[in-house]
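To start, the structure under review is shown below, and the notes come after it.
The values are calculated or read from the model by the stated rules, or taken from the named source; none is laboratory data. Keep in mind the model is a prediction, meaning the values are calculated, not measured. Reconstructed Cβ throughout: ideal geometry from the backbone, glycine too, with neighbour counts over all protein chains shown. Surface accessibility is based on the protein's heavy atoms, side chains included, excluding ligands, DNA and RNA. Shrake-Rupley method; radii C 1.70, N 1.55, O 1.52, S 1.80 Å.
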Amino acid sequence: MTKVYQAFETLRQHKAVLHDSVALGSGIQLAAWSNKNDIVNQESADHHTLSLYVADGYECYHKTRSGWRNGGGPDRFCLMPKGSMSSWDVRDDLSFVHLYCSDEHLRHLVEQTWDRSPAAIELEERTFEEDPQITLLYRHFLLSSQWQENSNQLMLSSAANLLMAHLVKHYTRLQWALPTVRGGLAPHILNRLKDYIHTHLAEPLLLPELAALAELSEFHFARMFKQSMGMAPHQYVMNARLIRAENLLKTSRMDITTIALECGFSSASHFSNRFKSVRGITPTALRGGIII
């Protein structure tokens, strides 16, 4: 059953325009919005919301005890924890991206990453602030790819996991240092993962399912996988997809669209663009032996 996020539903009932949305499993969802000339009251939600202003937002006002205050702009973020209530007056153009996280997922992340079970996890409410790491993760990973493209799902879920770990480390009272990860994955676990990945290349792959297969937290899995393979899980999977595609182009008579779907791409155009960006040649040119 798909998780319903109250902050998401509230915006849908106002003037906000939804441009894209993707559920990333384990209680995480992304949504890209724009809004203008709207007053939005966010009630006490049962989840956490991290908002990054992508463009404009200078005339977005937040209601405080001393009145309405603005301070928005590109790369400013707002953190609205579970149970928080807020009012917003959007007087001009605003483009923003929300990351919704269930409280269950946040607790699971903390317990699995730090191997501790805190009495309570309280994210700090923040408004119109700046954080270079949040901006980097949003813009480099979450805003630079097509969300509906199956082959991007692993990268998106990995970036979302890093964002939530960053919030726990810097915007709670836990003040726990991220644990040091030493060594890579055991050979039998690595082989199990490789077999699973290559068997399921046609399907969207998410970080939670790969981590569960290794019986590790997402945090530990991603870092141990990189130590073993010299690349992040999403990089390994993308490389495996391109290698399979190249072999099919050379040895089969499948059309380009079928090869794209067999290798986990949602469309021939996205497959062709990604293939050319990495290999320097289009799939059609490779098959025809014409280098462009």
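Taken over the range 74-89, the criterion of being assigned to a loop (DSSP other than H, G, I, E, B) and touching a residue at least 40 places away in the same chain (Cβ under 8 Å) is satisfied by 75, 76, 81, 82, 84, 85. Condition first: of a type in the set (D, E, K, R), touching a strand residue (DSSP E or B) at 6+ places or on another chain (Cβ under 8 Å) and assigned to a loop (DSSP other than H, G, I, E, B). Can you find one or more residues in the range 2-9 that meet it? So far as the range 2-9 goes, yes, one or more of its residues are of a type in the set (D, E, K, R), touching a strand residue (DSSP E or B) at 6+ places or on another chain (Cβ under 8 Å) and assigned to a loop (DSSP other than H, G, I, E, B). Would you confirm whether any residue within the range 236-247 is touching a residue at least 40 places away in the same chain (Cβ under 8 Å) and either over 18 Å from residue 286 (Cβ atoms) or surrounded by fewer than 16 Cβ atoms within 10 Å (Cβ to Cβ) (or both)? The answer is yes, given that some residue of the range 236-247 is touching a residue at least 40 places away in the same chain (Cβ under 8 Å) and either over 18 Å from residue 286 (Cβ atoms) or surrounded by fewer than 16 Cβ atoms within 10 Å (Cβ to Cβ) (or both). You will find that of 147, 176, the residue that is among the aromatic types (Phe, Trp, Tyr) and open to solvent by less than 20 Å² (accessible area, probe 1.4 Å) is 147 and no other.
One line per residue, one yes/no per condition, for (1) open to solvent by less than 10 Å² (accessible area, probe 1.4 Å); (2) in contact with a Leu (Cβ under 8 Å, 6 or more places away or on another chain):
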position: 85; (1), (2): no, no
position: 89; (1), (2): no, no
position: 93; (1), (2): no, no
position: 99; (1), (2): yes, yes
position: 106; (1), (2): yes, yes
position: 110; (1), (2): yes, yes
position: 113; (1), (2): yes, yes
position: 117; (1), (2): no, no
position: 125; (1), (2): no, yes
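For the range 133-213, the helices (runs of 4 or more DSSP H) that sit wholly inside it and include 3 or more residues that are over 15 Å from residue 229 (Cβ atoms) are 153-170, 207-213. Here the range 42-72 is the region considered, the condition is being aromatic (Phe, Trp, Tyr) and out of contact with any His (no Cβ under 9 Å at 6 or more places or on another chain), and the residue that is most open to solvent (accessible area, probe 1.4 Å) is 58.
Close contacts from the range 26-53, counting a first residue that is on the phi < 0 side of the Ramachandran plot and a second that is open to solvent by 60 Å² or more (accessible area, probe 1.4 Å) and among the polar types (S, T, N, Q), with Cβ to Cβ under 6 Å and a gap of 6+ residues or different chains, come to 45/6.
Answer yes if at least one residue in the range 246-253 is of a type outside the set (Asp, Glu), modelled with pLDDT under 95 and in contact with a Ser or Thr (Cβ under 7 Å, 6 or more places away or on another chain), and no otherwise. No, the range 246-253 contains no residue that is of a type outside the set (Asp, Glu), modelled with pLDDT under 95 and in contact with a Ser or Thr (Cβ under 7 Å, 6 or more places away or on another chain). Within the range 183-201, is even one residue out of contact with any Cys (no Cβ under 9 Å at 6 or more places or on another chain) and closer than 15 Å to residue 109 by Cα? Within the range 183-201 (the criterion being out of contact with any Cys (no Cβ under 9 Å at 6 or more places or on another chain) and closer than 15 Å to residue 109 by Cα), the answer is no, since none of the residues qualifies.
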